[in-house]
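Asker: Before anything else, here's the structure in question.
All of the numbers you see were taken from the coordinates with simple rules; none came from a lab. None of these values were measured; they are calculated from a predicted model. Quick reminder, even Gly has a Cβ in these numbers, built from the backbone with ideal geometry, and neighbours come from all protein chains shown.
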Amino acid sequence: MAREGDLKLLGLVVSPFVVRVRMALSMKGVSYEYIEQDVFNKSELLIRYNPVHKKVPVLIHHGKPICESLAIVEYVDEVWGGGAPPSILPADPYERATARFWATYVDDKLFPAWIGVMKAATEEEKAEKVSQTLAVLLHLEEAFAKCSNGKAFFGGDSVGYLDLALGCNLFWFETLREMFDVELIDEGRTPLLASWAQRFGEAAAVKDLVPNVDKAVEHAKKMRRVFVH
Amino acid sequence: MAKAVKLIGAFGSPFVHRAEVALHLKGVPYELIREDLTNKSELLLRHNPIHKTVPVLLHGDRPAICESLLIVEYVDEAFDGPPLLPVDPYDRAMARFWAQFIEQKCSMPFWMAVWLDDGEAREGFVRETRANLALLEARLQGNRFFAGDAVGYLDFAACGLAHLLGPIEEVAGASLVGAAEFPALRRWVEAYTSDEAVSACLPPREQLVANFAGKKDKIKMAVNAMVQRS
């Protein structure tokens, strides 16, 4: 088990990518020093450890930085693999490829769509982005049917890589519901995702790491002030 | 008996090349199904409904595996043979990070910089390409390949800048990756394209030049239109 001082995480409380990494570390029972960043006023520490992108999360292990949340989750799974802590990625190469495919899809297609809802300058733009988000979620509904094989999570009986990849975005969907009265995952359109989201929210492995929606609303308002004209 | 491997691909695609070289390095025989991307087959659309792109790997009767770098990882994990990704977890994380950097920050700006008409937009992409390629140049750190002495995952990720570089620059009449500014990258291009396993998966240079020459007008129209729209 890593001692504090060996492991640090540069993060932002409301970043889904950071939440994803924190959930992975929690699943492994690993302790670390968490250092909150101000993404509107980037620290020398962040710039030093992620000079290429200057973004969170950054995991610093024995002084060496690892960036990009999905790469960090795979790293965490490999370093603290074997023995008691649960495996995050599936064991079978085919299932690993499938999980990675859909996790990349979440980041490449779902994230830009829902962020677009949050940053929309006009009602038309917002409606378009909601529509895009719903279309992506329909594909993820099909993915859940295939990956879960009738079980509770994408990863089977317990939370796995793809559950983390998608699940870390859920608190933002609640935030968007509160801010704009939009329902992104609903029982009518995506029943499997709706019931999965409920189970994910209650899963012991991750539930204490979901940030308060109020914090996300506050951050969204700040982002809109900065980015929306 | 080993399950049959099929690869849906298309001529000249660096993404398909990644999958082919991975299979070749592991000594896995496969059937290459050539796709005409201007007239996509039902087979391709059925197996890759989300992205409708090549490559697509079909292993036995399992559903398709899509996305070239994921195919490389799958081939690395499913078959015996020399490791394609580094063995150390930190080095693996670095390889994944830099592969993503290449996809998002090198390949796209390079393509735009090479094919766009002269102007402010092109200058922007040229600057971005040069700055990002400089980071890649630094990654080589005097090594023959990105991970050391043998070709691997990150070399495959960068392959769009390898055997296609010469043909693209020749047809487009652009020269962005000069030997003076990027000596390590140019040496890497040489080393990569002359590697035995890699060169077995490369089409002849003349065919690549002809292919790009034939598509040049279409490509230029498409990239200039993209810039107009944004």
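Asker: Please average, across the residues of A:97-108, the number of beta carbons from any other chain that are within 10 Å of each residue's own beta carbon, and give a whole number.
Answerer: 4
Asker: Hey, could you get me the Stokes-Einstein D for the protein assembly as shown, Kirkwood radius over alpha-carbon pairs, 20 °C and 1.002 mPa s, rounded to whole µm² s⁻¹?
Answerer: The estimated diffusion coefficient comes to 91 µm²/s.
Asker: Can you pull the mean other chain C-beta count within 10 Å for peptide B:85-95?
Answerer: Neighbouring Cβ atoms belonging to other protein chains average 4 per residue here.
Asker: Once the Cα gyration tensor of region A:144-187 is diagonalised, what are the square roots of 5 times its eigenvalues, in whole Å and ordered largest first, as equivalent ellipsoid semi-axes?
Answerer: 25, 11, 6
Asker: Residue by residue through region B:63-78, which ³J(HN,Hα) values in whole Hz follow from phi under the Karplus form 6.51 cos²θ - 1.76 cosθ + 1.60 (θ = phi - 60°), with glycine and proline marked x?
Answerer: x, 5, 10, 10, 6, 4, 6, 5, 5, 4, 5, 4, 4, 4, 7, 8
Asker: Considering amide H positions built from the backbone, and no H for Pro or chain starts, which residues 5 or more places from B:Val56, or on another chain, come under 5 Å of its amide H?
Answerer: Placed amide hydrogens put B:Ile8 under 5 Å from B:Val56.
Asker: Enumerate the calculated ³J(HN,Hα) couplings along region B:45-58 in order (Karplus 6.51 cos²θ - 1.76 cosθ + 1.60, θ = phi - 60°), each rounded to whole Hz, writing x wherever the residue is Gly or Pro.
Answerer: Using θ = phi - 60°, the values come out as 5, 6, 7, 9, x, 6, 9, 6, 10, 9, x, 10, 9, 10 Hz.
Asker: If the convex hull of the alpha-carbon atoms of region A:1-90 is projected onto planes in all directions, what is the mean projected area in square nanometres?
Answerer: About 5.6 nm², averaged over all directions.
Asker: When Cβ neighbours within 10 Å are restricted to other protein chains, what is their mean count per residue of peptide A:202-212?
Answerer: 0
Asker: Hey, can you grab everything whose amide H is under 5 Å from the amide H of B:Val177? Only 5+ residues off in sequence or another chain; H modelled, so Pro and N-termini drop out.
Answerer: none
Asker: Same structure, new question: Write down the radius of gyration of region A:31-77 and its Dmax, each obtained from C-alpha positions, in Å.
Answerer: Answer for region A:31-77, Rg first and Dmax second: 10.5, 31 Å.
Asker: What FRET efficiency would be calculated for the residue pair B:Arg186, A:Lys42, taking the C-beta separation as r and a Förster radius of 41 Å, to the nearest 0.05?
Answerer: Approximately 0.75, to the nearest 0.05.
Asker: If the elastic network links every pair of Cα atoms under 10 Å, which of B:Arg130, B:Arg62, B:Arg96 fluctuates the most in the Gaussian network model of chain B?
Answerer: Of B:Arg130, B:Arg62, B:Arg96, the Gaussian network model singles out B:Arg62 as fluctuating most.
Asker: Amide H to amide H, which residues 5 or more places from A:Val58 or on other chains are under 5 Å from it, using H placed in the peptide plane?
Answerer: A:Leu10
Asker: Based on Cα coordinates alone, diagonalise the gyration tensor for region A:69-140, multiply each eigenvalue by 5, take square roots, and list the semi-axes in whole Å, largest first.
Answerer: So the equivalent ellipsoid measures 34, 13, 8 Å along its semi-axes.
Asker: Taking the Cα atoms of region A:40-174, what is the range of coordinates along each of the three principal axes, in descending order and whole Å?
Answerer: 51, 47, 23
Asker: Let me ask something additional. Take each of the peptides A:189-197, A:44-52, B:34-42, B:52-60, average the number of other beta-carbon atoms within 10 Å over its residues, and list them starting from the highest.
Answerer: Descending mean neighbour count gives B:52-60, A:189-197, A:44-52, B:34-42.
Asker: Whole Å is fine, so just give me how far the alpha carbon centre of region A:20-74 lies from that of region B:161-191.
Answerer: About 35 Å separates the Cα centre of region A:20-74 from the one of region B:161-191.
Asker: Could you quote the convex hull projected area for region B:80-132, Cα atoms only and averaged over all directions, in nm²?
Answerer: Approximately 4.8 nm², given one-decimal rounding.
Asker: Add -39500 (n - 2.57) for each DSSP H run of 4 or more in chain A, then divide by its residues: what number comes out at 222 nm, to the nearest 500 deg cm²/dmol?
Answerer: Value at 222 nm, helices only, nearest 500: -16500 deg cm²/dmol.
Asker: Which whole-Hz couplings ³J(HN,Hα) result when phi for each residue of region B:127-140 is put into the Karplus expression 6.51 cos²θ - 1.76 cosθ + 1.60, θ = phi - 60°, listed in order with x for Gly and Pro?
Answerer: 4, 4, 4, 4, 5, 6, 5, 4, 5, 5, 4, 5, 4, 5
Asker: Work out, in µm²/s and without decimals, the Stokes-Einstein translational diffusion coefficient of region B:75-230 at 25 °C, 0.890 mPa s, Rh from Kirkwood over C-alpha pairs.
Answerer: In µm²/s, the coefficient rounds to 147.
Asker: Number of Lys pairs in region B:1-115 with C-alpha atoms less than 21 angstrom apart, excluding same-chain neighbours closer than eight positions?
Answerer: Going through region B:1-115 pair by pair, I get 5.
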